[in-house]
1. Give me the residue from segment 85-132 that is on the phi < 0 side of the Ramachandran plot, of a type in the set (Ser, Thr, Tyr) and out of contact with any Lys or Arg (no Cβ under 7 Å at 6 or more places or on another chain) and, out of that set, modelled with the highest pLDDT.
2. If you go through segment 31-59, how many residues are touching a helix residue (DSSP H, G or I) at 6+ places or on another chain (Cβ under 7 Å) and either assigned to a strand (DSSP E or B) or within 17 Å of Asp99 (Cα to Cα) (or both)?
3. Among (1) over 15 Å from Phe112 (Cβ atoms); (2) in contact with a Gly (Cβ under 8 Å, 6 or more places away or on another chain), which single condition is Gly51 missing?
4. Give me a count of the residues in segment 32-56 that are surrounded by fewer than 17 Cβ atoms within 10 Å (Cβ to Cβ) and either among the hydroxyl-bearing types (Ser, Thr, Tyr) or in contact with a strand residue (DSSP E or B) (Cβ under 7 Å, 6 or more places away or on another chain) (or both).
5. Which members of segment 86-112 meet the condition of being in a strand (DSSP E or B) and over 21 Å from Lys29 (Cα atoms)?
6. Could you list, in sequence order, the residues of segment 36-50 that are modelled with pLDDT of 95 or more and among the β-branched types (Val, Ile, Thr)?
7. Kindly indicate which of Asp2, Asp28 is in a loop (DSSP other than H, G, I, E, B), at pLDDT below 90 and surrounded by fewer than 16 Cβ atoms within 10 Å (Cβ to Cβ).
8. Collect the residues in segment 66-102 that are surrounded by 15 or more Cβ atoms within 10 Å (Cβ to Cβ) and in contact (Cβ under 8 Å) with a residue 40 or more places away in the chain, keeping them in residue-number order.
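The values are calculated or read from the model by the stated rules, or taken from the named source; none is laboratory data. This is a predicted model, so every value here is computed, not measured. As a convention, Cβ positions derive from the backbone with ideal geometry for all residues, glycine included, and neighbour counts pool all protein chains shown.
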Amino acid sequence: MDGETATATVAGCAQVFDLHALKDFAADKRVRKMLFKTDQLWSEIACYEPGQSTVMHTHPKEEEAIFVLEGTAHMSIDGEEVVVEAGSIVKFPRSVMHDVRNLGPERCVIMFLKVNPRVLSGPKVLSRSVDG
C-alpha cells in the first residue's frame, strides 16, 4: 500500500527493518513505504515495476541519499543522466532537480534517506564573541 508505515523489530534501543520483506509492488504505480520519521531523520522504501517512475522534483531544504537495493535506477540529477545499479548509493545536494525511473525489464527497489526538514528550519543559534 502506498504511504503505509513499515514495522520494525526492536533490538535494544534500535529498530531493524527487513527491507526485502517490506518490498511491495502494484501494477498501476510505484509503491512507497515509510520506514521511519524522527525529529532528525526519515527514510522510505520505493518499489518500481518496469516502466514506473517518480516525477521530476526537488527538495529545497534537504540533501538526499538514494540506495538502490534491487534492479537498476535511471535518474536525471540536475540534468545529468545517471544509471545506478543495485548495491550503489547516490548522494546529491539540496535544491537539485531529480527523478527516478525504472527503464529496465526487472523490478527496481530503492531506499532514500533525508534529514527531517524541521531540523533544518529550526531555531537559529546566535554566536557571541567573548572579549579577552
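1. The residue in question is Ser88.
2. Counting residues in segment 31-59 that are touching a helix residue (DSSP H, G or I) at 6+ places or on another chain (Cβ under 7 Å) and either assigned to a strand (DSSP E or B) or within 17 Å of Asp99 (Cα to Cα) (or both) gives 2.
3. The one condition Gly51 does not meet is (2).
4. Of the residues in segment 32-56, 7 are surrounded by fewer than 17 Cβ atoms within 10 Å (Cβ to Cβ) and either among the hydroxyl-bearing types (Ser, Thr, Tyr) or in contact with a strand residue (DSSP E or B) (Cβ under 7 Å, 6 or more places away or on another chain) (or both).
5. Within segment 86-112, Ile89, Val90, Lys91, Phe92 meet the criteria.
6. Ile45, the sole residue that qualifies.
7. When all the criteria are applied, what remains is Asp2.
8. Ile66, Phe67, Val68, Leu69, Glu70, His98, Val100, Arg101, Asn102
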